[in-house]
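The values are calculated or read from the model by the stated rules, or taken from the named source; none is laboratory data. Model, not experiment: these values are computed from the prediction. All Cβ positions, glycine included, derive from the backbone under ideal geometry; neighbour counts span all protein chains shown.
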Amino acid sequence: MPRFLPKSLVCLREGYDTHKFAGDLLAGLTVGIIALPLAMAFGIASIPEQVAAQVGMSPPAMGLYTAVIAGFLISALGGSRVQIGGPTGAFIVIVYDIAMRHGYAGLSVATLMAGVIVIILGVSGLGRAIKFIPYPVVTGFTSGIAVIIASSQIKDFFGLHIASVPAEFLGKLRSFSEHASTWNPTTLMVGAFSMAVLIVMRRFAPRLPWGIVGVIAGSLLVWILGLNVETIGTRFGGIPRGLPVPHLPPIDFHAARNLIPEATTIAILASIESLLSAVVADGMIGTRHKTDCELVAQGIANIGAVMFGGIPATGAIARTAANIKSGGRTPVAGMIHAVTLLLVMLGLGPLASAIPLPTLAAVLLMVAWHMSEIDHFRFLLRAPKSDIVVLLTTFGLTVFTDLTIAVGVGMVLASLLFMQRMAAVTNVNAISRELEDGDEDELATLKDPNAINRRHVPPGVEVYEINGPFFFGIADRLQDTLRGLERPPKVFILRMRRVPAIDATGLHALAEFHKKCLHQGTMLLLAGVHAQPLYAFIQIGFEKVIGRENLFESIDAALDRARVILGLPMEKRPSDAAAEVARAAAMTTSGVSN
């Protein structure tokens, strides 16, 4: 199927020459060097040491396994030409929490389930719904994750002597305060020096791989001065020279059922991050990614990563941008990046083991700073109050509870506020009153050839109009309409020309309104019914209840029907009367009058 044909094959079919390979080779080597310290840092920050020790692995190695396996699969099978995949900062909080509560066995099962969920999203096409997640929710949890990442690096950056750092944010702060006197000046000096190098590189040489330059500078400082600080080797025992034997994790179906919320969170984060990265890449090189293909690749990559003892992976925006700036234009660059990391593991493991932990902490603090999106956060603080509430709620819940709750509550709150806004712009108004002198709003309707003020509404007829989608947010307003009338009219015409859609609650409210009209001896007529509401009427059988002869394409046809009911003579329609709804709506059922 073309929809799931990887971009790697598409690029090969288009023609792949030595010029393209040269660009991809340089980009792949560059991004592989950039990804090296990040992969180890994300592994260290994501997996507690005691959890990794239980399965005989080290956190930095688990980060590298993920970058190699997931990075290769995402590029080989994905729907983007330049996407670079691997472990990212967005996963640190949720992965650490799952690992602490369920161990690596639970994390591996949750990641496996998440991979399946992401594949289902891609195959079903539901992944496109990811784009509807409100911006304040995305910014809130991204900024919250940045705060959590930064707080998790305080211990290694300052060299605090803490046996076990609590997982909760407030617990971390309390622990740091209690052990503040244990800070190590040598460790802090290495961390501060590495941070200074990173800042200078980002400021004056942003095109260079700032992460690897900072790591090299910090490592050289420790080696030249013979400083006594913790390194990857002294804490974790070094980097393995090769990949482990792939295997599926043992699955306990009872435990898997309890891990559904965690797996769903991983799947949502992987989908959001990968598609956002793909969109950014499209804007940089002027191409268009395949959403469904990309999600299927992301799901397969997460399954592959966990089979090799890795952690969740997704598209990495910063590494993808670096790939593009370095000349990468096909998925071959991403595959070369993964192979580069593997070669480093095979040949340079001892050197990687000498990287100081305060230097890696500085790298992650820099990552957290860029993840915080401080400018976007400040911008949203000037947005409407409802968006500020969503932003701060999501941010606060991310920091003080967990990401699963934060995203869920943020989405629900944003949805409720959206419905409130929609209800505010949708109304049910009487439009059959006489025109008043100097009424500018009414005078403006004279420009409308179908304005009710240009027609004669017979006595005993009330005309009301709904403006906007008819959903549960405004259903109660229709219920109150008849109560507001002094006496029930003989005929009640409800204009729906500005109702593009109706939901189940709106249908129920309309059916109940029809019953009230019948009870009071009022005939209900609907005018200007669009295709979606009309199809909904047919689906539930409402068009038979109200009578197809009482559904109309235009207000003129409805007024003619009212005159027949009242025994009044017909009147000539305005010469410039126009169709109120598309003919397709009227033709949805042959029983609709025009």
note = Over the range 234-271, the set of residues within 17 Å of I119 (Cα to Cα) and hydroxyl-bearing (S, T, Y) is T264, T265, S271
ask   = Does S46 fit the bill of being over 15 Å from V306 (Cα atoms), in contact (Cβ under 8 Å) with a residue 40 or more places away in the chain and crowded, with 24+ Cβ neighbours inside 10 Å?
value = no
query = Somewhere in the range 259-271, is a residue at pLDDT below 90 and at positive phi?
reply = no
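Which members of the range 7-38 meet the condition of being charged (D, E, K, R) and assigned to a helix (DSSP H, G or I)?
Once the filter is applied, which keeps residues that are charged (D, E, K, R) and assigned to a helix (DSSP H, G or I), the range 7-38 yields K7, R13, E14, K20, D24.
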query = Quick one: is L559 surrounded by 15 or more Cβ atoms within 10 Å (Cβ to Cβ), outside any helix (DSSP H, G or I), at pLDDT 90 or above and of a type outside the set (S, T, Y)?
reply = no
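One line per residue, one yes/no per condition, for (1) acidic (D, E); (2) under 20 Å from N453 (Cα atoms); (3) at pLDDT below 90:
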| site | (1), (2), (3) |
| --- | --- |
| R477 | no, no, yes |
| D480 | yes, no, yes |
| R483 | no, no, yes |
| E486 | yes, no, yes |
| L494 | no, yes, no |
| T505 | no, no, yes |
| L510 | no, no, yes |
| L526 | no, yes, no |
| Q532 | no, no, yes |
query = Given (1) under 26 Å from G103 (Cβ atoms); (2) touching a residue at least 24 places away in the same chain (Cβ under 8 Å); (3) assigned to a loop (DSSP other than H, G, I, E, B), where does V245 come up short, assuming only one miss?
reply = (2)
key: Positions within the range 241-280 being farther than 17 Å from G309 by Cα and of a type in the set (D, E, K, R), in sequence order   = D252, R257, E262, E273
request  = Name the one entry in G122, G103, G115 that is in a helix (DSSP H, G or I), modelled with pLDDT of 90 or more, over 27 Å from F4 (Cα atoms) and small (G, A, S).
outcome  = G103
Every residue from the range 386-408 that is in a helix (DSSP H, G or I) and at pLDDT below 85 = S386, T398, L403, T404, I405, A406, V407, G408
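Per-residue answers, yes or no, for (1) among the small types (G, A, S); (2) part of a helix (DSSP H, G or I); (3) on the phi > 0 side of the Ramachandran plot; (4) in contact (Cβ under 8 Å) with a residue 24 or more places away in the chain:
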site: Y464; (1), (2), (3), (4): no, no, no, yes
site: P489; (1), (2), (3), (4): no, no, no, yes
site: H508; (1), (2), (3), (4): no, yes, no, yes
site: L518; (1), (2), (3), (4): no, yes, no, no
site: Y535; (1), (2), (3), (4): no, yes, no, yes
site: I538; (1), (2), (3), (4): no, yes, no, yes
site: K544; (1), (2), (3), (4): no, yes, no, no
key: Options I199, I212; residue that is modelled with pLDDT under 90 and surrounded by fewer than 20 Cβ atoms within 10 Å (Cβ to Cβ)   = I212
key: Residue check, A41 part of a helix (DSSP H, G or I) and farther than 24 Å from L348 by Cα   = no
message = For the range 361-376, check the following and say yes or no: at least one residue is touching a Phe, Trp or Tyr at 6+ places or on another chain (Cβ under 9 Å), assigned to a helix (DSSP H, G or I) and over 18 Å from A45 (Cα atoms).
response = yes
task = Search the range 311-341 for residues being outside any helix (DSSP H, G or I) and surrounded by fewer than 24 Cβ atoms within 10 Å (Cβ to Cβ), and hand back the single one that is modelled with the highest pLDDT.
result = T330
ask   = Can you name the condition, by its number, that V82 falls short on among (1) more than 15 Å from A267 (Cα to Cα); (2) under 24 Å from the mean Cα position of the chain (by Cα); (3) part of a helix (DSSP H, G or I)?
value = (3)
task = Just give me the residues in the range 342-370 being of a type in the set (G, A, S), modelled with pLDDT under 85 and touching a helix residue (DSSP H, G or I) at 6+ places or on another chain (Cβ under 7 Å), in sequence order.
result = A352, S353, A368
message = Could you tell me how many of the residues in the range 165-219 are of a type in the set (A, V, I, L, M, F, W, C), in a loop (DSSP other than H, G, I, E, B) and under 23 Å from I232 (Cα atoms)?
response = 3
ask   = Does any residue of the range 294-302 turn out to be among the β-branched types (V, I, T), modelled with pLDDT under 90 and surrounded by 22 or more Cβ atoms within 10 Å (Cβ to Cβ)?
value = no
query = Quick one: what pairs do we get from the range 179-191, first residue within 15 Å of L360 (Cβ to Cβ), second of a type in the set (G, A, S), C-beta under 6 Å, 6+ apart or different chains?
reply = T187/G159; V190/G218; G191/A361; G191/A362
message = I'd like to know if the range 277-284 contains one or more residues that are outside any helix (DSSP H, G or I), surrounded by fewer than 20 Cβ atoms within 10 Å (Cβ to Cβ), in contact with a Lys or Arg (Cβ under 6 Å, 6 or more places away or on another chain) and modelled with pLDDT of 85 or more.
response = no
